[in-house]
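Everything on this sheet refers to the single structure shown next.
The values are calculated or read from the model by the stated rules, or taken from the named source; none is laboratory data. Every value quoted in this text rests on a predicted model; they were computed, and no experiment measured them. Heads up, the Cβs are rebuilt from the backbone with ideal geometry, glycines too, and the neighbour counts pull from every protein chain shown.
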């Protein structure tokens with residue numbers, strides 16, 4: 001190593017000693033250098049279990065504010081010709097009850113199961129569950145075998161069929177990998193709600209920590225009757241529905 | 001053999017190997033095309049996630065484990081007629097397994113991450129088990145062939161043959177379980193799937209072996225002893241009948257469960273191409289016709305009837321896999337039982353699949369790879385099964 | 001056999017010669033970045049040698065543990081190093097990441113998935129589901 005480099009290293013060591021010294025130094029990008037000294041953001045914790053409650057009685061047929069918000073936040077703009085090859089992280093399903101004819105509508109996405117089949121079947125461990133219950137795909141190890149798509153009972157995963165250029169910086173996604181709803185993990189880690197929750201005009205979506213009995217979602221789940229979709233599979237989903 | 005004849009045989013070999021190489025190269029080229037443009041250039045989509053490449057790959061892998069039975073019957077059960085064929089069976093197993101794996105791997109969204117697949121293994125995944133089962137199968141097949149080809153190793157061939165037999169049962173169980181453990185889809189969640197795959201492998205492997213053997217005998221101007229041929233035909237028929245039994249059980253149990261009747265209605269009656277392939281392709285062409293060719297008095301002595309039966313069984317196998325894999329995906333997931341669902345993501349709708357040329361070429365390329373490996377292997381190593389008819393007759397092994 | 005070995009040995013011996021012959025030819029990459037003069041997280045020597053390890057280590061922490069404001073950040077790299085003209089770190093051999101990777105002939109995998117443009121915002125037609 002040459003002398004100037006050592007000097008720079010010493011400077012960095014000094015810089016690391018305190019942010020106050022840095023503020024005086026001109027022409028320095030303070031944020032980058034001092035980031036290491038900032039208090040660490042809270043890491044995903046096993047004490048938390050993120051979940052969502054969907055009140056389908058408030059969810060209007062034809063409204064897709066949540067879908068637009070999701071696609072905006074996560075940069076899902078695709079031009080693949082075949083609509084069946086396009087990604088859908090969040091979709092609206094219209095339901096008609098056989099016999100009674102009762103109609104309703106609801107958003108369907110990754111249910112963030114406690115026992116996710118996609119994680120069980122993934123050959124490389126790319127499908128994984130974070131400590132706080134969010135089920136994600138690690139695109140660094142996803143080989144694009146699509147076994148998780150075969151195994152998911154909710155059709156919540158999509159495969160990227162074409163090279164992409166329109167990703168948002170915070171939401172990497174790319175050709176040949178499988179993807180799905182992340183609960184907007186980039187927002188959650190900064191203390192915000194998933195984009196769909198904030199976008200719903202009827203406030204039909206409640207997001208929060210299922211394990212915290214003081215959270216709005218836990219209180220509501222204690223109060224109202226809710227269901228897990230395909231409860232027969234005993235996957236213990238993080239997304240619950242009301243009024244199905 | 002005189003020099004000119006040898007020369008001409010040599011030329012023919014190079015032509016065959018070149019043909020196989022060309023088909024393989026076209027397959028790999030198709031895969032590169034898919035890799036470059038993404039799977040948008042295939043007929044696969046977010047509904048039909050596994051398509052034609054998987055039909056080819058699973059046929060190759062399942063038949064690969066089945067063909068090894070021919071060797072196992074020789075080594076494990078001490079049948080001389082089968083023992084003579086152990087080496088060829090081992091080579092076929094090796095070639096088809098390799099080809100099947102190549103097709104699966106080239107179809108991956110990120111085929112360039114093959115090292116990731118090899119170094120990150122999730123042991124709760126049935127795919128993960130297969131990452132261990134496949135290399136194990138290669139190793140065992142290799143050791144087994146070694147014990148058959150090397151005189152000093154011959155005493156170990158029985159043990160190696162036994163290991164190969166056990167391992168191949170595990171391998172096919174693993175392949176069947178890829179589907180059998182998928183609780184989400186109505187087509188697959190059945191305990192019968194894994195044993196069904198084992199018995200399918202017996203039939204398909206034997207059929208492939210018969211075709212290859214016939215081709216080699218034609219090449220060398222030889223003929224199979226009728227008694228031996230009859231024995232093989234009867235064994236093949238037994239396997240085909242057993243497959244029929246398992247498929248029948250699979251569908252009948254499904255029909256019995258009320259929640260599965262809609263799916264059975266689709267796959268057996270209303271599903272367009274799927275019932276057509278099931279009844280016409282698998283049942284008539286792949287099961288009944290071969291059985292007729294083997295047993296019916298007028299047909300069974302027709303020249304080439306055994307080979308034709310074997311070819312039909314292979315055609316039936318492809319139909320069966322197409323119905324099982326793609327038919328199973330085309331039927332919509334029942335996310336909300338008792339309700340009719342609709343969405344922009346094709347919920348509640350029966351999907352159609354139209355395979356594109358690249359994925360078909362990739363599948364055929366897999367056959368090309370297996371073909372090339374077998375042609376070269378047979379040429380380089382002395383694998384032609386030759387029966388010592390006089391000795392067998394003396395031992396009474398050819399009596400019916 | 002021994003002839004083949006000899007040939008191989010010769011080839012190996014000759015390799016440095018080829019290398020030397022080519023060393024002078026490839027032009028060093030010329031890069032104009034958007035935010036010059038700012039301070040990187042480590043000296044250039046260290047960054048050149050270790051940036052991939054740093055990024056790899058951090059990517060797993062961010063993805064698996066949810067660490068969002070770490071010292072090492074690919075988006076942080078892009079913010080400073082994006083090209084003045086294109087706003088991106090890839091796209092042409094004058095853009096930061098691609099310039100060096102093309103020079104060193106190392107495949108650049110990050111931007112199959114990551115956005116190489118600083119501050120890009122996806123334009124989604126509002127209210128229109130896919």
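When the residues of the range B:32-56 are narrowed to those that are within 9 Å of another protein chain (Cβ to nearest Cβ) and outside any loop (DSSP other than H, G, I, E, B), which ends up nearest to residue B:179 (Cα to Cα)?
Of everything passing the filter in the range B:32-56, B:39 is nearest to residue B:179 (Cα to Cα).
Restricting attention to the range A:98-114, report how many residues are assigned to a loop (DSSP other than H, G, I, E, B) and buried (at least 18 other Cβ atoms within 10 Å of the Cβ). Talk me through it step by step, then tell me what you get.
Our first condition is that a residue be assigned to a loop (DSSP other than H, G, I, E, B); within the range A:98-114, this holds for A:98-102, A:110-114.
When the remaining residues are screened for being buried (at least 18 other Cβ atoms within 10 Å of the Cβ), the result is A:110-113.
Total satisfying the criteria: 4.
Within the range C:80-91, how many residues turn out to be on the phi < 0 side of the Ramachandran plot and either at pLDDT 90 or above or in contact with a strand residue (DSSP E or B) (Cβ under 6 Å, 6 or more places away or on another chain) (or both)?
Here is the first cut: in the range C:80-91, the ones on the phi < 0 side of the Ramachandran plot are C:80-86, C:88-90.
The next check asks that each one be either at pLDDT 90 or above or in contact with a strand residue (DSSP E or B) (Cβ under 6 Å, 6 or more places away or on another chain) (or both); those that pass are C:81-82, C:88-90.
Residues meeting the conditions: 5.
Restricting to the range B:100-120, name every residue that is surrounded by 19 or more Cβ atoms within 10 Å (Cβ to Cβ), in a helix (DSSP H, G or I) and either more than 9 Å from chain A (Cβ to nearest Cβ) or in contact with a strand residue (DSSP E or B) (Cβ under 9 Å, 6 or more places away or on another chain) (or both).
Those that are surrounded by 19 or more Cβ atoms within 10 Å (Cβ to Cβ), in a helix (DSSP H, G or I) and either more than 9 Å from chain A (Cβ to nearest Cβ) or in contact with a strand residue (DSSP E or B) (Cβ under 9 Å, 6 or more places away or on another chain) (or both): B:100, B:101, B:102, B:103, B:106.
Assess whether residue A:152 counts as being surrounded by 22 or more Cβ atoms within 10 Å (Cβ to Cβ), touching a strand residue (DSSP E or B) at 6+ places or on another chain (Cβ under 9 Å) and within 7 Å of chain B (Cβ to nearest Cβ).
Values: surrounded by 22 or more Cβ atoms within 10 Å (Cβ to Cβ): yes; touching a strand residue (DSSP E or B) at 6+ places or on another chain (Cβ under 9 Å): yes; within 7 Å of chain B (Cβ to nearest Cβ): yes.
Taking the combined requirement at face value, the residue satisfies it.
Which of the residues belonging to the range A:127-142 are free of Cβ contacts under 8 Å to residues at least 24 places away in the same chain and not in a strand (DSSP E or B)?
A:138, A:140, A:141
Between B:306, B:370, which is within 26 Å of residue B:194 (Cα to Cα), out of contact with any strand residue (DSSP E or B) (no Cβ under 6 Å at 6 or more places or on another chain) and buried (at least 20 other Cβ atoms within 10 Å of the Cβ)? Let's see the steps before the verdict.
Numbers: B:306 fails: within 26 Å of residue B:194 (Cα to Cα).
Exactly one residue qualifies, and that residue is B:370.
Has the range A:199-212 got any residue that is touching a helix residue (DSSP H, G or I) at 6+ places or on another chain (Cβ under 7 Å), within 11 Å of chain B (Cβ to nearest Cβ) and either surrounded by fewer than 22 Cβ atoms within 10 Å (Cβ to Cβ) or under 25 Å from residue A:61 (Cβ atoms) (or both)?
no
For the range C:49-74, what are the residues that are surrounded by fewer than 14 Cβ atoms within 10 Å (Cβ to Cβ) and touching a residue at least 12 places away in the same chain (Cβ under 8 Å)?
C:57
Select from the range B:329-340 the residues that are closer than 14 Å to residue A:153 by Cα and facing another protein chain (nearest Cβ under 9 Å) and list them in ascending order.
Listed by number, the residues that qualify are B:329, B:332, B:333, B:334, B:335, B:336, B:337.
Could you count how many residues in the range B:385-397 are part of a loop (DSSP other than H, G, I, E, B) and either under 22 Å from the mean Cα position of the chain (by Cα) or buried (at least 18 other Cβ atoms within 10 Å of the Cβ) (or both)? First the steps, then the outcome.
To start, the set of residues in the range B:385-397 that are part of a loop (DSSP other than H, G, I, E, B) comprises B:385-388, B:395-397.
From the residues that got through so far, the ones that are either under 22 Å from the mean Cα position of the chain (by Cα) or buried (at least 18 other Cβ atoms within 10 Å of the Cβ) (or both) too are B:385, B:387.
Matching residues across the range B:385-397 total 2.
Looking at residue B:175 and the list (1) surrounded by fewer than 23 Cβ atoms within 10 Å (Cβ to Cβ); (2) under 21 Å from residue B:57 (Cβ atoms), which single condition is not satisfied?
(1)
Condition first: buried (at least 23 other Cβ atoms within 10 Å of the Cβ), more than 7 Å from every other protein chain (Cβ to nearest Cβ) and over 18 Å from residue A:229 (Cβ atoms). Now tell me which residues in the range A:115-131 satisfy that.
A:126, A:127
Which residue out of C:28, C:121 is in a loop (DSSP other than H, G, I, E, B), exposed (fewer than 13 other Cβ atoms within 10 Å of the Cβ) and more than 7 Å from every other protein chain (Cβ to nearest Cβ)? Can you show your working first?
Working: C:121 fails: more than 7 Å from every other protein chain (Cβ to nearest Cβ).
Of C:28, C:121, the one residue that is in a loop (DSSP other than H, G, I, E, B), exposed (fewer than 13 other Cβ atoms within 10 Å of the Cβ) and more than 7 Å from every other protein chain (Cβ to nearest Cβ) is C:28.
If we keep just the residues of the range A:79-97 that are touching a helix residue (DSSP H, G or I) at 6+ places or on another chain (Cβ under 9 Å), at the interface with another protein chain (Cβ under 7 Å from one of its Cβ atoms) and part of a loop (DSSP other than H, G, I, E, B), which is surrounded by the most Cβ atoms within 10 Å (Cβ to Cβ)?
Filtering the range A:79-97 for residues that are touching a helix residue (DSSP H, G or I) at 6+ places or on another chain (Cβ under 9 Å), at the interface with another protein chain (Cβ under 7 Å from one of its Cβ atoms) and part of a loop (DSSP other than H, G, I, E, B), the one surrounded by the most Cβ atoms within 10 Å (Cβ to Cβ) comes out as A:88.
Are any residues in the range B:238-251 under 12 Å from residue B:291 (Cβ atoms) and crowded, with 18+ Cβ neighbours inside 10 Å, and if so, which ones?
B:239, B:240, B:243, B:244
For the range B:149-162, enumerate the residues that are in a helix (DSSP H, G or I) and surrounded by fewer than 21 Cβ atoms within 10 Å (Cβ to Cβ).
First pass over the range B:149-162, keeping only residues in a helix (DSSP H, G or I): B:149, B:151-162.
Scanning the range B:149-162 gives B:149, B:151, B:152, B:153, B:154, B:155, B:156, B:158, B:159, B:162.
Quick test of your reading of the structure: residue B:346 fulfils all but one of (1) at pLDDT below 95; (2) farther than 18 Å from residue B:266 by Cα; (3) outside any helix (DSSP H, G or I). Name the failing condition by number.
Exception for residue B:346: condition (2).
Kindly list the number of the only condition in (1) away from chain B (no Cβ under 14 Å); (2) at pLDDT 95 or above; (3) surrounded by fewer than 19 Cβ atoms within 10 Å (Cβ to Cβ) that fails for residue A:242.
So residue A:242 meets the others, but not (3).
Taking residue C:94 as the residue in question, decide whether it is away from chain A (no Cβ under 12 Å), more than 26 Å from residue A:163 (Cβ to Cβ) and either in a loop (DSSP other than H, G, I, E, B) or out of contact with any strand residue (DSSP E or B) (no Cβ under 8 Å at 6 or more places or on another chain) (or both). Break it down stepwise before answering.
Details: away from chain A (no Cβ under 12 Å): yes; more than 26 Å from residue A:163 (Cβ to Cβ): no; either in a loop (DSSP other than H, G, I, E, B) or out of contact with any strand residue (DSSP E or B) (no Cβ under 8 Å at 6 or more places or on another chain) (or both): yes.
So residue C:94 fails the test.
Taking the criterion of being out of contact with any strand residue (DSSP E or B) (no Cβ under 7 Å at 6 or more places or on another chain), in a helix (DSSP H, G or I), farther than 23 Å from residue C:32 by Cα and within 11 Å of chain A (Cβ to nearest Cβ), would at least one residue in the range C:65-79 satisfy it? It would help to see each step written out before you state the result.
Applying the first criterion (out of contact with any strand residue (DSSP E or B) (no Cβ under 7 Å at 6 or more places or on another chain)) to the range C:65-79 yields C:65-79.
Remaining after also requiring in a helix (DSSP H, G or I): C:65, C:74-79.
Still in the running and farther than 23 Å from residue C:32 by Cα: C:65.
Subset that is within 11 Å of chain A (Cβ to nearest Cβ): C:65.
Yes, because at least one residue in the range C:65-79 is out of contact with any strand residue (DSSP E or B) (no Cβ under 7 Å at 6 or more places or on another chain), in a helix (DSSP H, G or I), farther than 23 Å from residue C:32 by Cα and within 11 Å of chain A (Cβ to nearest Cβ).
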